1. Quick one: in segment 66-99, of everything that is assigned to a helix (DSSP H, G or I) and of a type in the set (Phe, Trp, Tyr), which residue is surrounded by the most Cβ atoms within 10 Å (Cβ to Cβ)?
2. Give segment 165-197 a look and list any residue that's away from ligand 2 (no atom under 16 Å from the Cβ), assigned to a loop (DSSP other than H, G, I, E, B) and crowded, with 19+ Cβ neighbours inside 10 Å, or say none.
3. Looking at 144, 162 in this structure, which one is surrounded by 22 or more Cβ atoms within 10 Å (Cβ to Cβ) and within 16 Å of ligand 1 (Cβ to nearest atom)?
4. When you go through (1) buried (at least 19 other Cβ atoms within 10 Å of the Cβ); (2) within 17 Å of residue 34 (Cα to Cα) one by one for residue 134, which number turns out not to apply?
5. Are there any pairs, at least 6 apart or on different chains, whose C-beta atoms fall under 7 Å, with the first in segment 141-155 and of a type in the set (Phe, Trp, Tyr) and the second assigned to a strand (DSSP E or B) and at pLDDT 95 or above, and if so, which?
6. If you take the residues of segment 1-50 that are surrounded by fewer than 17 Cβ atoms within 10 Å (Cβ to Cβ) and part of a loop (DSSP other than H, G, I, E, B), which of them is nearest to ligand 1 (Cβ to nearest atom)?
7. Taking residue 169, is it within 16 Å of ligand 1 (Cβ to nearest atom) and under 28 Å from residue 32 (Cα atoms)?
8. Could you say whether any residue in segment 52-65 is hydrophobic (A, V, I, L, M, F, W, C), part of a loop (DSSP other than H, G, I, E, B) and farther than 29 Å from residue 171 by Cβ?
Amino acid sequence: MQKWKFDDVTLQRFIVGSLEVNCYLLTTEDAAILIDPGFGEDELISCLELLKDMKSKQVFLTHGHFDHTGFCPELVKKGWKIGIHPDDKFLLNRVPPDFVELGYRDEVFEPYMTIREGVCYNIGGLTLQVVHTPGHSPGSICLIDLKKRLAFTGDTMFADSIGRFDLAGGDEQALMNSLGKLKNLLEPDTLVLSGHGGRAKFSTVLKINPFLAE
Ligand SMILES: [Zn+2]
Ligand SMILES: [Zn+2]
């Protein structure tokens with residue numbers, strides 16, 4: 001687990017499940033936001049146990065693929081409120097049989113809220129803005145704090161690559177447009193925290209990611 005501090009917000013990264021999804025946990029004294037809880041790893045479970053009495057516990061899904069959503073059924077039972085973009089609801093509750101064997105639970109859950117383009121969510125001194133970035137899936141989103149230079153990009157953009165566009169609802173042209181949108185939005189010193197793989201400053205992404213190279 002990695003840990004950073006942004007003013008009054010603690011940010012932790014857990015790598016979860018056999019597809020090694022980056023699950024991010026943002027906490028203050030009285031609120032928690034969890035991004036992409038794909039799998040219930042022990043370390044994550046014990047961290048969440050400490051938060052069980054917190055009033056505000058929200059989960060934001062960058063998209064609906066099971067490797068990012070797998071722990072949601074358990075979290076719903078524990079009072080977490082799950083949010084997803086409406087265009088990705090159709091992807092929920094679909095776990096391929098091979099992955100059920102690997103421990104991903106095929107249990108149905110209903111999201112609590114839909115999250116849409118332009119809406120902002122605050123936690124401590126951070127303001128996460130929802131940016132709709134379809135392509136990897138129709139309802140893929142990024143969560144971006146433009147001022148604090150922080151971007152959670154899910155499977156839309158990795159440090160050195162981009163997400164697949166050949167899965168259900170994927171669209172290559174839409175993904176290219178979404179990358180263009182991110183390019184216009186992100187300052188070079190933005191920390192890019194993606195759904196898989198390591199983190200990088202956006203200035204580095206522009207150099208090492210062939211899909212964004214100038
Ligand atoms: Zn995905
Ligand atoms: Zn993924």
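The values are calculated or read from the model by the stated rules, or taken from the named source; none is laboratory data. Everything numeric in this text was worked out from a predicted model, so none of it was measured. Reconstructed Cβ throughout: ideal geometry from the backbone, glycine too, with neighbour counts over all protein chains shown.
1. Filtering segment 66-99 for residues that are assigned to a helix (DSSP H, G or I) and of a type in the set (Phe, Trp, Tyr), the one surrounded by the most Cβ atoms within 10 Å (Cβ to Cβ) comes out as 66.
2. 186, 190
3. Only one candidate qualifies: 162.
4. So the condition that residue 134 fails would be (2).
5. These pairs meet every condition: 152/24; 152/35; 152/142; 152/143; 152/193.
6. Selected residue: 20.
7. When the stated conditions are applied, residue 169 does not pass them.
8. The answer is yes; a qualifying residue exists.
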